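In what follows, a structure is listed as structure tokens, so that the remarks can point back to it.
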Amino acid sequence: MAVRRPAAEALRGDTRERLLVEAAQRDPSRFGDLYELHFERVYAFIARRVRDRNIAEDLTSEVFHKALASLKNYESRGAFASWLFTIAANAVTDQWKRAAREVSSSEDPPETGVMHDLEAIEDRARLFRLVDRLPGEQRRVIFERFVEQRSIREIAELLGRSEGAVKQLQLRALQKLRSQMEGAHA
């Protein structure tokens with residue numbers, strides 16, 4: 001479970017992160033600060049999904065390599081961490097696709113569990129992409145609520161909105177995500 005930070009501290013963290021991103025965009029040698037800030041969470045995210053330490057380490061390295069390579073094109077539309085998690089979700093999906101191709105090219109038929117896991121990972125990657133397309137405040141509420149695991153009250157303080165407004169933003173975002181996910185399966 002994530003440790004919740006007081007709202008003022010989270011705001012300072014968001015500002016610090018934005019400044020680190022801007023510094024790294026000007027001077028890529030400053031990317032190390034962002035790496036240190038986000039490594040553990042990105043690694044944990046990947047490790048929970050691939051369950052193989054060596055693969056998790058390789059994919060985490062790949063995520064940060066891709067992030068550094070694309071940093072000049074990064075535009076802040078929310079938290080930098082959500083961009084990293086999108087890259088990580090895509091890397092995990094690609095890994096599962098590679099694994100599925102290897103399994104299907106062998107003589108043995110693929111295990112049902114492997115195919116189910118592949119579908120679940122593809123769904124998660126699709127969900128991350130859809131969250132990135134949400135309007136700014138909805139995206140921020142979803143990120144704070146489900147990634148940072150903040151309470152409605154904490155998010156309301158962060159955004160300077162009422163708790164009712166935050167609940168409404170969350171509801172609209174979840175409804176939109178649900179309909180888009182269901183539409184993708186239709």
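None of the figures in this text is laboratory data; all of them are computed from the coordinates on show. Remember, predicted model here, so these are calculated numbers, not experimental data. Backbone-built Cβ (ideal geometry, glycine too); neighbour counts: all protein chains shown.
A few comments on the model shown:
- Label-to-label distance, nm, for residues given as K167 and L19 (7 Å Cα→Cβ offset): 3.7
- The lysines whose alpha-carbon is closer than 20 Å to the alpha-carbon of K167, local same-chain residues fewer than 8 away aside, are K176.
- Given R0 = 30 Å, the distance between the Cβ atoms of S76 and R178 translates into a calculated FRET efficiency of 0.65.
- According to the Kirkwood relation over distinct C-alpha pairs, the hydrodynamic radius of region 134-186 is 11.3 Å.
- Gain on full stretching of the segment that runs from R30 to D94 - 0.36 nm per residue minus C-alpha separation: 20.2 nm
- Put in line by how crowded their Cβ is, counting other Cβ atoms within 10 Å and starting with the fewest, F143, F128 read F128, F143.
- Region 9-90: trypsin sites (Lys or Arg not before Pro) in DSSP loop, at most 15 other beta carbons within 10 Å: R51, R77
- Modelled label positions at L68 and F39, each set 7 Å beyond Cα in the direction of Cβ, lie 1.2 nm from each other.
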